[in-house]
Amino acid sequence: MEKITLEMAEKMLEAAERWASLAGYPSSIAVVDEAGAVIAVHRMDGAGPMTTDISINKAFSSVYSGAPTLMLARLLDPRMTGKTIGSGGLGLLTQARLRLMFIPGGNPIRDGEMKVIGGIGCSGIPDGVGEVSDTTAVQAGYAAIYEEHD
């Protein structure tokens, strides 16, 4: 896998949307390429108006940083883990024209050599509503590109 195709992006959107539907929260899901440019985005019926931009920025942030936005959140706010992980988070706040999101729900997509080739982001599922979250929705989307269908 060298790059994210539209077909792959659509497969990821569909899988992430299934998880958001399971949680009962209409959400927006975005897939971006290795430069953070949008390949596909879907705003579910009833999703909040800000969720689209937030999902795009979560996907962008995961590409820009090469890390899940959950890890960025932990860099910025030590309460996310109960201990200080690092002090680099505050310095990132002004980077990338203020597009970086320090909110869980974005994951980088890597190829077999671990090179970042894109990102996926989800927004709309509040934290603490059970086992489904923005993070689990994007993980389901990411996993969908590896599923084989007959």
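The values are calculated or read from the model by the stated rules, or taken from the named source; none is laboratory data. Just so it is clear, the structure is predicted and the values come from calculations on it, not from any experiment. Cβ coordinates were reconstructed from backbone atoms using ideal geometry, including for glycine residues, and neighbour counts include every protein chain displayed. Just the protein is used for accessible areas: all its heavy atoms, side chains included, with ligands, DNA and RNA removed. Shrake-Rupley method; radii C 1.70, N 1.55, O 1.52, S 1.80 Å.
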Where a ≥ b ≥ c are root eigenvalues of the Cα gyration tensor, a/c under 1.5 meaning rounded, otherwise prolate if a/b exceeds b/c and oblate otherwise, region 1-59 counts as oblate
Would you rank MET101, MET71 by solvent-accessible area, highest first, keeping every protein chain in place and using a 1.4 Å probe?
MET71, MET101
Net charge (Lys, Arg +1; Asp, Glu -1) of residues whose beta-carbon lies under 12 Å from that of ALA23, ALA23 excluded, is -3
